[in-house]
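Data block below; observations after.
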Amino acid sequence: MIIIFLGAPGSGKGTQAKQLSDARSWPQLSTGDMFREHISTKSDLGMKAKSFMDKGELVPDSVVVDMVAVRVKNPDCKNGFILDGFPRTTPQAEALDLQLKGMSRAVDRVVLFEIENEELVRRLTGRRTCPKCGSVFHLVSKKPQVEDLCDSCGHKGLKQRDDDRADVVHNRLDVYRKQTAPLIGYYQKQGKLRSISADQDFDAVFRDIIEATS
Ligand code: AMP
């Protein structure tokens, strides 16, 4: 099954995609994570993406589309995959449809994560990530057991993502509303959209995702 997680930054797509990926053995294809990996190895693509990401802008469509086009051809995508953070514009969605058609495949389901703006700002600005293993915490709602220590790998020094700073967060939410939200209509027209409330506890959101993708 090919599933898209659609929703604003901070709506919980990434953590839920990881859970679904573990449950169903479908890889999680997060374009944000792919860019962060490129940045950590200082590749040309990473350096190009960073200049956009630091401002909360989208990386140009052609760069993202080419990167995903290579990734979905990987044999691990054979039985299905979860797209987390892609597509984010109508041209990206059209390019994806075209590519999948060429592979005699198609998107099966799009899960829309619905949540209020205020809650998104709270979640994003309080988010802290372990730079070593990628575990995600929150200063208020998901504190590590020992301050500044990662519960999973014990690394000291949890970091705030550069683009989770308050000034950048507001731009990312604006970009979502203007450039990504039109995809709701795009997938509604295709009859593939299922909306869930992302403002519930983790297990309740996951139950709704299972129902929406069964
Ligand atoms: P994320 O981790 O999904 O919030 O993505 C972090 C940043 O990576 C975004 O703010 C964009 O700058 C960039 N990015 C990730 N996915 C895409 C995409 N599909 N199109 C354009 N830019 C993207």
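Return the only residue of LYS132, LYS143 being more than 21 Å from MET53 (Cβ to Cβ) and either of a type in the set (Phe, Trp, Tyr) or free of Cβ contacts under 8 Å to residues at least 24 places away in the same chain (or both). Please lay out each step first, then the result.
Values: LYS132 fails: more than 21 Å from MET53 (Cβ to Cβ).
Answer to the selection: LYS143.
Just the residues that are in a helix (DSSP H, G or I) and either surrounded by fewer than 20 Cβ atoms within 10 Å (Cβ to Cβ) or polar (S, T, N, Q) (or both), please, taken from segment 96-116.
Answer for segment 96-116, where residues must be in a helix (DSSP H, G or I) and either surrounded by fewer than 20 Cβ atoms within 10 Å (Cβ to Cβ) or polar (S, T, N, Q) (or both): ASP97, LEU98, GLN99, LEU100, LYS101, GLY102.
Does SER21 qualify as being within 12 Å of the ligand (Cβ to nearest atom), over 9 Å from the mean Cα position of the chain (by Cα) and among the hydroxyl-bearing types (Ser, Thr, Tyr)?
For SER21, the condition - within 12 Å of the ligand (Cβ to nearest atom), over 9 Å from the mean Cα position of the chain (by Cα) and among the hydroxyl-bearing types (Ser, Thr, Tyr) - is not met.
Is segment 75-84 home to any residue that is near the ligand (Cβ under 10 Å from one of its atoms), at pLDDT 95 or above and not hydroxyl-bearing (Ser, Thr, Tyr)?
Yes - at least one qualifying residue is present in segment 75-84.
Checking TYR186 against (1) surrounded by 15 or more Cβ atoms within 10 Å (Cβ to Cβ); (2) within 18 Å of the chain's Cα centre (by Cα), which test does it fail?
TYR186 satisfies all of (1) surrounded by 15 or more Cβ atoms within 10 Å (Cβ to Cβ); (2) within 18 Å of the chain's Cα centre (by Cα) except (2).
For segment 160-170, does any single residue satisfy the condition of being in contact with a helix residue (DSSP H, G or I) (Cβ under 6 Å, 6 or more places away or on another chain), of a type in the set (A, V, I, L, M), farther than 15 Å from PHE86 by Cα and surrounded by fewer than 18 Cβ atoms within 10 Å (Cβ to Cβ)?
yes
Please enumerate the residues belonging to segment 34-51 that are near the ligand (Cβ under 10 Å from one of its atoms), surrounded by 16 or more Cβ atoms within 10 Å (Cβ to Cβ) and free of Cβ contacts under 8 Å to residues at least 24 places away in the same chain.
ARG36, ILE39, ALA49, LYS50, listed by residue number.
Return the residues of segment 94-108 that are free of Cβ contacts under 8 Å to residues at least 24 places away in the same chain and more than 14 Å from LYS78 (Cα to Cα); say none if nothing qualifies.
Residues satisfying the conditions are GLU94, ASP97, LEU98, LYS101, GLY102.
The values are calculated or read from the model by the stated rules, or taken from the named source; none is laboratory data. Since the structure is predicted, the reported quantities are computational estimates derived from the model, not experimental observations. Neighbour counts run over all protein chains shown; Cβ positions are idealised from the backbone, glycine included.
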